[in-house]
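A quick write-up on the structure given underneath.
The values are calculated or read from the model by the stated rules, or taken from the named source; none is laboratory data. Not measured: the values here are computed from a predicted model. Here the Cβ positions follow ideal geometry from the backbone for every residue, glycine too, while neighbour counts run over all protein chains shown. What goes into the accessible areas is simple: the full protein's heavy atoms, side chains included, and nothing from ligands, DNA or RNA. Shrake-Rupley method; radii C 1.70, N 1.55, O 1.52, S 1.80 Å.
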Amino acid sequence: MTVFTQGKRACAGLMSEAPGQRSREGIVISAGAGIIAPMTVLGKKLHSSLAATASASPAGKGTLTLAAPPVGPGAKAGVYKVVIVEPATNAGAFVVEDPSGVIVGNDTVGVAFTGEIKFTLADGATDWAAGDFVTVTVPAGSGEYIPSDVTATDGSQIAAAVNLYGCDATSAAQAVSAIVRDAEVIGNFLTYHASRDQASEKAAAVADLAAAGIIVR
């Protein structure tokens, strides 16, 4: 007897959504993402992890060396500012402000900083003074979606959406409808990136979705 296996059907794992179209948005799956099954857990490319640039004001007091990669989870596109708040000879303390001006961390000159951006700030022949700063510019991402990969550093490591319809984005970007907020989905219907092969990694994605208002049942 021939056994037929039915693939996942569009919208099959959608349990409930908000009235109207509030739960849904039209999104774009990046070219090269491959064949995307319905109900795949997706992440959004919020910034580019391939490059970031730094400049100091005033110049000549020290150097900021970016790590590889230069951004961490939660990094935003825009200009970060590293500001000296407590100067000291061959040392000092600084705070890091995100592109909105919110302080997202602090550390000491000469110590590697690991947060939304990653770098080491070194002193120079002339000590840093209070108020001196270095800017780090993080370039914007495409805003497109790909399966949420825990090893990504462009923002897509954060689960942010579930597509309702399958598509083939192997050679070209594809527009699809996705759940991005205020909905319930059935966990057994979800497809995860291969990097999320552990229960803990799936649980982290479920937590990310919950933060966006997408509840996995």
| said: If you take every residue apart from Ala129 with its C-beta less than 13 Å away from the C-beta of Ala129, what net charge results, scoring Lys and Arg +1 and Asp and Glu -1? | reply: -3
| Excluding ligands, DNA and RNA, what is the solvent-accessible area per residue of segment 106-217 at a probe of 1.4 Å, expressed in Å²? | 43 Å²
| request: For segment 1-118, would you read off the P(r) tail past 16 Å as a percentage of all alpha carbon pairs? | output: 73 percent
| query | What net charge do the residues around Ile214 carry, taking every other residue with its C-beta under 10 Å from that of Ile214, with Lys and Arg at +1 and Asp and Glu at -1? | reply | -3
| Degrees between helix 199-211 axis and first principal axis of the chain (Cα, 0 to 90, nearest 10) | 80 degrees
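For a protection proxy built on the mean count of beta-carbon atoms within 10 angstrom, sort 13-19, 61-67 highest first, please.
Per-residue mean Cβ counts within 10 Å order the peptides as 61-67, 13-19.
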| request: Order these peptides, 175-185, 96-106, 159-169, by their mean beta-carbon neighbour count within 10 angstrom, highest first. | output: 159-169, 175-185, 96-106
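Could you rank the peptides 108-115, 45-52, 143-150 by their average count of other C-beta atoms within 10 Å per residue, with the highest value first? Each step should come with its number before you reach the end.
On the way: 108-115: 15.4, 45-52: 18.8, 143-150: 21.5.
Peptide ranking by packing, descending: 143-150, 45-52, 108-115.
On average, how much area does the Cα convex hull of segment 51-140 cover when viewed from any direction, in nm²?
Numbers: hull surface 19.8 nm².
Quarter of the Cα hull surface area: 4.9 nm².
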| said: Straight-line reach only, C-alpha to C-alpha below 26 angstrom: list the lysines that Lys81 could link to, leaving out same-chain residues fewer than 8 apart. | reply: Lys44, Lys45, Lys61, Lys118
| How big is the shadow of the Cα convex hull of the chain, averaged over all directions, in nm²? | 14.7 nm²
| DSSP bridge pairs, the chain: antiparallel proportion in percent, nearest 5 | 90 percent
